[in-house]
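Working notes for the structure below.
The values are calculated or read from the model by the stated rules, or taken from the named source; none is laboratory data. What you see is a predicted model; the values in this text were computed from it and never measured. Virtual Cβ from ideal backbone geometry, glycine too; neighbours counted across all protein chains shown.
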């Protein structure tokens, strides 16, 4: 199976500690993180992804807003540069330990956080990264290295 993610969620998952918009959102996010920890591939998509799914039934879900689409664009650009691989709709890869560590270092150093500007979760993510990622749920130790 493959986890469908929009580009900015590659950043969000770095600091995910089990907090979210709703209980259903958090349960869904936990299941996705378990799949990634188990070594499932990621496929980048435009628009709402597997993480967004519980929010799509709400009136006017933020998943379709221009600001979120811009976050995706900024995240894709930053991660393409960092990972030296194209991060765009249709890109499929498996996230390895080395890439995850590189992404976390860059996130903590604010090198890839352009997409986070204006995000309501930015303060929480900054605190988690600043404390060296305690209690984060994405831990792909043992998963295969990215191909």
Next item on the list: Return yes or no: is residue 137 modelled with pLDDT of 95 or more, surrounded by 16 or more Cβ atoms within 10 Å (Cβ to Cβ), within 13 Å of the chain's Cα centre (by Cα) and under 21 Å from residue 3 (Cα atoms)?
Entry: yes
Check: Does the stretch 109-116 contain any residue that is more than 26 Å from residue 2 (Cα to Cα) and touching a residue at least 40 places away in the same chain (Cβ under 8 Å)?
Finding: yes
Note to self: Filter the stretch 1-41 down to the residues that are touching a residue at least 60 places away in the same chain (Cβ under 8 Å) and outside any helix (DSSP H, G or I) and list them by number.
What the structure shows: 2, 6, 7, 8, 16, 17, 18, 19, 38, 39
Checklist line | Within the stretch 82-102, considering residues that are without any contact (Cβ under 8 Å) to a residue 24 or more places away in the chain and assigned to a helix (DSSP H, G or I), the one farthest from residue 140 (Cα to Cα) | finding: 83
